Amino acid sequence: MILYLIEVISCSIVFLLIYQFAFRNDTFFLRNRIYLLLAPILSFLLPLYQWDFSFLGTSNEFAETLTLTQVQIYSGETDSTQNTIWFLIGTAALGSLAYFIYTSISILKIRNLLKGATKEQFKDYTLVELNNAYEPFSFLRYLFIGKNSKLTKDEKQIIIKHEVAHIKGKHSYDIIYMELLCGLCWFIPLFFIYKKLIKEVHEFIADNEASQTSGTKSYAKLMAQSTLNSLSLNLSHNFYQSPVIKRLEMIHKKRTPWVKQTKLLMLAPTILLLTLAFSCDGDEDLQLTANGKVESKSIEIDESGEIYEMLKESAMPQEGYRKFYKRIQENLQYPEQAKRMGVEGKVYVLFIVDTDGSISEVKAIRGIGAGCDKEAVRLIEEAGDWTPAIRKGKIVKQRIVLPINFKLN
């Protein structure tokens, strides 16, 4: 689980850096909005994807080597380790509960403002007039405005157009989505940055629509002269909540040429590299048949070093596969470092069965670290002798790959 979260965070960082340096200063606001909403979802999904390299054919060395069925190893965690895991889960749950309670306070504040307020229905929104000096703000279909606001009539109309743009764009649903994400994953600070950036894009979209009708100059003047009216309504959109300097910059910014949409093409190799780095789990493991023989392609190397294909009789443990797997499972010790780090996954061990049945050149060709690779190699080195492979009545060497799956209970 910890390894998976590290992969999620890594993906989130990559997507965030791409947005910061490639997309943020563009005026394609709708594209940026969609990007920021999808990036967290992709960060969770990409580490789950499993690549299948069977389309590469049989030229890959490991595909042609005799591959045994995997050995499943469990950590056999102590009560202390289990208690630590439950403590972390409980802490995460309590943190989420506290966050949602805090967020619910904002909803209750908005609900209390609706009680007893004068409401007027329009096509795209409901205007709510408050008996105070609140500046206009919006949430869902509601546009709140204070009767005692110090804004002039023209200024009030400009800001209302801004808030109506939020309502018509359904920006509140984006904020609710981000609040749920931050509440469930409050221990990943990156998602709070995503929430801040999506609010920024919302303001750019609303500013762009409102300034088209009121004029860029008068709209920018109103924004510069106004001050922040703090309402502590985290789910609402308020005219002054986004940094004014950045908004003024984007209002006056020349429209980004459409040709720069081609920057989206960089996402394809980025997603490919991320899935390869975090999600590649190798080829499908071949299964043992009922009689204990292995159905797989193989490579044979005789004493002269020549490589042959398809043995008549493959190498196998002298004690038989059943006892071989049982002995590995009983002797393997789940590394303490891997337990602490929450590391689990497959280690692929490659070794050669020599003509005398001994095992040599044992190495982990794909591993997960945290001591698991070394432990897998140690087990194979101490696994005992094998019956060598035979081709046309002659004893030959053979490469073997054994996947060992380390799994936390």
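The values are calculated or read from the model by the stated rules, or taken from the named source; none is laboratory data. All values reported here derive from a predicted model rather than from experimental measurement. All Cβ positions, glycine included, derive from the backbone under ideal geometry; neighbour counts span all protein chains shown. Just so you know, the surface numbers come from the protein's heavy atoms only, side chains and all, with ligands and any DNA or RNA stripped out. Shrake-Rupley method; radii C 1.70, N 1.55, O 1.52, S 1.80 Å.
Order these peptides, 394-400, 351-357, 380-386, 93-99, by their mean beta-carbon neighbour count within 10 angstrom, highest first.
Details: 394-400: 21.0, 351-357: 17.7, 380-386: 16.0, 93-99: 13.3.
So the order, starting with the most tightly packed, is 394-400, 351-357, 380-386, 93-99.
Once R0 is set to 45 Å, what does the formula 1/(1 + (r/R0)^6) return for the Cβ-Cβ distance between R31 and N131, expressed as a FRET efficiency to the nearest 0.05?
Using R0 = 45 Å, I get an efficiency of 0.65.
Which order do the peptides 320-331, 198-209 come out in when sorted by mean C-beta neighbours inside 10 angstrom, highest first?
198-209, 320-331
Could you derive backbone 3J(HN,Hα) for the range 4-20 from the dihedral phi with the Karplus parameters 6.51, -1.76 and 1.60 (θ = phi - 60°), listing whole Hz in sequence and x where the residue is Gly or Pro?
Running phi through 6.51 cos²θ - 1.76 cosθ + 1.60 with θ = phi - 60° gives 4, 5, 4, 5, 4, 4, 4, 4, 4, 5, 4, 5, 5, 5, 4, 5, 4 Hz.
When the gyration tensor of the range 158-226 is built from Cα positions, what are the square roots of 5 times its three eigenvalues, in whole Å, from largest to smallest? Mind dumping the intermediate values first?
Working: eigenvalues 164, 32, 12 Å².
For the range 158-226, the semi-axes come out at 29, 13, 8 Å.
For a quick check: with amide H placed at 1.01 Å from N, whose amide H comes under 5 Å from M316's, ignoring anything fewer than 5 positions away on the same chain?
Answer set, sorted by chain and number: T387.
Short version: ³J(HN,Hα) in whole Hz for each residue of the range 209-223, in order, from phi by Karplus 6.51 cos²θ - 1.76 cosθ + 1.60 (θ = phi - 60°), x for Gly and Pro, what are they?
6, 5, 6, 5, 8, 8, x, 4, 5, 5, 5, 5, 5, 4, 5
Quick one: ranking W86, W186, W258 by accessible area, 1.4 Å probe, largest first, what do you get?
From most exposed to least exposed: W258, W86, W186.
Stretched out fully, how many nm does the piece from Y49 to Q318 gain, at 0.36 nm a residue minus the Cα gap? Don't jump to the answer; show the numbers that get you there.
Numbers: separation 269, 0.36 × 269 = 96.84 nm, distance 3.79 nm.
Stretched out fully, the Y49 to Q318 stretch lengthens by 93.0 nm.
List, in order, the whole-Hz ³J(HN,Hα) value for each residue of the range 377-390 obtained from phi through the Karplus relation with A = 6.51, B = -1.76, C = 1.60 and θ = phi - 60°; use x for Gly and Pro.
Running phi through 6.51 cos²θ - 1.76 cosθ + 1.60 with θ = phi - 60° gives 5, 4, 5, 5, 4, 9, 7, x, 7, 10, 7, x, 6, 10 Hz.
Calculate, for F122 and Q329, the FRET efficiency according to 1/(1 + (r/R0)^6) with r their C-beta to C-beta distance and R0 56 Å; round to the nearest 0.05.
0.20
Given Cα pairs under 8 Å that are at least 6 residues apart, what percent is the relative contact order of the range 354-409?
40
Gain in length, L97 to E381, computed as 0.36 nm per residue apart minus the alpha-carbon separation, to one decimal in nm?
97.2 nm is the gain from fully extending L97 to E381.
Which entries in K109/K253; K153/K195; K150/K199 show an alpha-carbon gap greater than 30 Å? Could you put the intermediate results ahead of the total?
Details: K109/K253 36 Å; K153/K195 32 Å; K150/K199 26 Å.
Listed pairs above 30 Å: K109/K253; K153/K195.
Once R0 is set to 60 Å, what does the formula 1/(1 + (r/R0)^6) return for the Cβ-Cβ distance between V259 and I352, expressed as a FRET efficiency to the nearest 0.05? Before the final figure, lay out each step's value.
Details: r = 56 Å, r/R0 = 0.93.
Rounded to the nearest 0.05, the efficiency is 0.60.
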